[in-house]
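Enquirer: Structure in structure tokens, see below.
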Amino acid sequence: MKALEFRLANASDVESLVALINQAYRSHTASSWTSEYAMVAGDRINRQQLLQSLKQQNFCLFVAEIVENLESALVACVGLTFQQNSVEIGTFCVDSHWQNQGIGKQVLRYAEKMALEHCPTLSHYDMWVLDSRIELIQYYERCGYFKMPHIESYPIHANVGRPLIDLQLQQLSKSVLKEI
């Protein structure tokens, strides 16, 4: 498993992050298992949307890099949106060329840890996944998340792509386990 270095995203990361997010969500490579390319057309995010997210006070975006021979490669990102006693984990992706190497698991653990550090009163983590992404939902279930009864319509108005099939968003949740 590759060692990752994490840091908060900054304005100089925007172009690389837009490329990473769109590549991870919308392209198809042999190693990719998280792509939505057959379900959603169009970009997942654009520069303006990312800049707007980064300006939100209740939002943090972390990047994960692999550093080898003094060179760093941005390979993943994850966003945390804080809401009272919960945090929504989103904008979570791993470059498709780096998938299936345990990076996603490391990034998710880091996101959960950072959420708790930023907000010690957290009661649960939430995320939203396309309901047709059965393998992804199963992955999150193996990580301790549960399907919630709450389902929402695909957010066409958010300009995050056009569904090619009937899609809804499934809410997943995980209780925060605090060490005593």
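Nothing in this text is a laboratory measurement; each read-out follows from the coordinates by a stated rule. No experiment lies behind these values; they were computed from the predicted model shown. FYI the Cβ positions are ideal-geometry reconstructions off the backbone, even for glycines, and counts take in every protein chain you see.
Enquirer: What are the trypsin sites (Lys or Arg not before Pro) within the range 11-93 that DSSP puts in a loop, where the Cβ has at most 15 other Cβ atoms within 10 Å?
Expert: Sparse-neighbourhood loop trypsin sites (Lys or Arg not before Pro): none present.
Enquirer: What distance in nm lies between label points placed 7 Å from Cα along the C-beta direction at residue 2 and residue 70?
Expert: Each label point is offset 7 Å from its Cα along the Cβ direction, giving 2.0 nm.
Enquirer: At a 10 Å Cβ-Cβ cut-off, how would you order 157, 118, fewest neighbours first?
Expert: 157, 118
Enquirer: Have a look at 23, 106, 52 and tell me which one the Gaussian network model of the chain (Cα, springs below 10 Å) gives the largest fluctuation.
Expert: 52
Enquirer: Between 51, 116, 61, find the one with the highest GNM mean-square fluctuation for the chain; connect C-alpha pairs within less than 10 Å.
Expert: 51
Enquirer: Still on this structure, I have one more. What's the center-to-center distance, using Cα atoms, between the range 1-58 and the range 61-136 in Å?
Expert: What the calculation gives is 11 Å, centre to centre.
Enquirer: Just grab the label-to-label distance for residue 11 and residue 123, each label 7 Å out from Cα along the Cβ direction, in nm (one decimal).
Expert: With each label point 7 Å from Cα toward Cβ, the separation is 3.9 nm.
Enquirer: Can you list the HN-Hα couplings for the range 40-57, worked out from phi with the Karplus curve (6.51, -1.76, 1.60; θ = phi - 60°), rounded to whole Hz and with x for Gly and Pro?
Expert: Computed from phi, the couplings for the range 40-57 are 9, 9, x, 5, 7, 7, 10, 4, 5, 4, 5, 4, 5, 4, 5, 7, 5, 5 Hz.
Enquirer: Mind pulling the per residue volume of the convex hull built on the Cα atoms of the chain? Å³ is fine.
Expert: Value for the chain: 129 Å³ per residue.
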